[in-house]
Every structure is written in structure tokens, then in C-alpha cells.
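**Q** Before I ask anything, here is the structure I am working with.
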Amino acid sequence: MKEPGVREHMTFGGAVTAEASDPVARHMVSRGKGGDLRNPERIRAWSHPFGTELDATH
């Protein structure tokens with residue numbers, strides 16, 4: 001069941017580094033698959049409509 005007022009959900013990538021405590025993440029890094037997978041432009045594009053709507057209501 002959706003919470004009142006919730007309209008959309010999005011999951012964004014994170015950072016997988018050698019300091020990760022998870023063995024799978026450390027293995028990914030050892031195979032050259034780690035790094036910073038966050039994408040600020042994608043996050044801004046997704047969140048922009050929400051910020052615009054909030055500005056209009058306050």
C-alpha cells in the first residue's frame with residue numbers, strides 16, 4: 001500500500017569502493033567493477049519537478 005502523498009519511487013546507484021564491508025562489493029572492486037555509480041544529472045532531472053512543485057506551494 002502506498003503512503004499518502006507518495007507519488008513516485010526511484011533507486012539510484014551508489015559508490016562501490018575497496019572499503020566496502022560487503023564481500024560481494026569487495027569482489028566487484030577487485031574485478032574492476034567498482035567505482036562511484038551515482039549520477040548527479042539523473043538525480044537532478046528526476047527531482048526537479050518535485051522541487052518546482054514545492055516552491056509553488058510555499
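**Q** If you take the Cα atoms of the chain, find Rg, then find the Kirkwood Rh from the mean of 1/r over all pairs, what is Rg/Rh?
**A** Reported Rg/Rh (Cα atoms, Kirkwood Rh): 1.18.
**Q** While we're looking at this one, here's another question. Multiplying the sequence separation of D36 and F50 by 0.36 nm and subtracting their Cα-Cα distance, what value in nm do you get?
**A** Difference between extended and current length: 2.5 nm.
**Q** With only Lys, Arg, Asp and Glu charged, each at its Cβ (+1 for the first two, -1 for the last two), find how big the charge dipole of the chain is about the Cα centre; round to the nearest 20 debye. Numbers along the way, then the final one.
**A** On the way: 8 positive and 8 negative charges, 62 e Å.
For the chain, the charge dipole is close to 300 debye.
**Q** Divide by every residue of the chain the summed helix terms, -39500 (n - 2.57) for each DSSP H run of at least 4, and state the resulting mean residue ellipticity at 222 nm, rounded to the nearest 500 deg cm²/dmol.
**A** -14000 deg cm²/dmol
**Q** On a 0 to 90 degree scale, rounded to 10, what angle separates helix 40-57 from the longest Cα axis of the chain?
**A** That works out to roughly 20 degrees.
**Q** Still on this structure: Where the accessible area of the chain is counted over protein heavy atoms with a 1.4 Å probe, how much of it, in %, is carbon and sulfur?
**A** So the carbon and sulfur contribution to the accessible surface is 58 percent.
The values are calculated or read from the model by the stated rules, or taken from the named source; none is laboratory data. What you are looking at is a predicted structure, and each value in this text was computed from that prediction instead of being measured. Cβ: placed from backbone, ideal geometry, glycine included. Neighbour counts: every protein chain shown. Note: areas computed on protein heavy atoms with side chains; ligands, DNA, RNA excluded. Shrake-Rupley method; radii C 1.70, N 1.55, O 1.52, S 1.80 Å.
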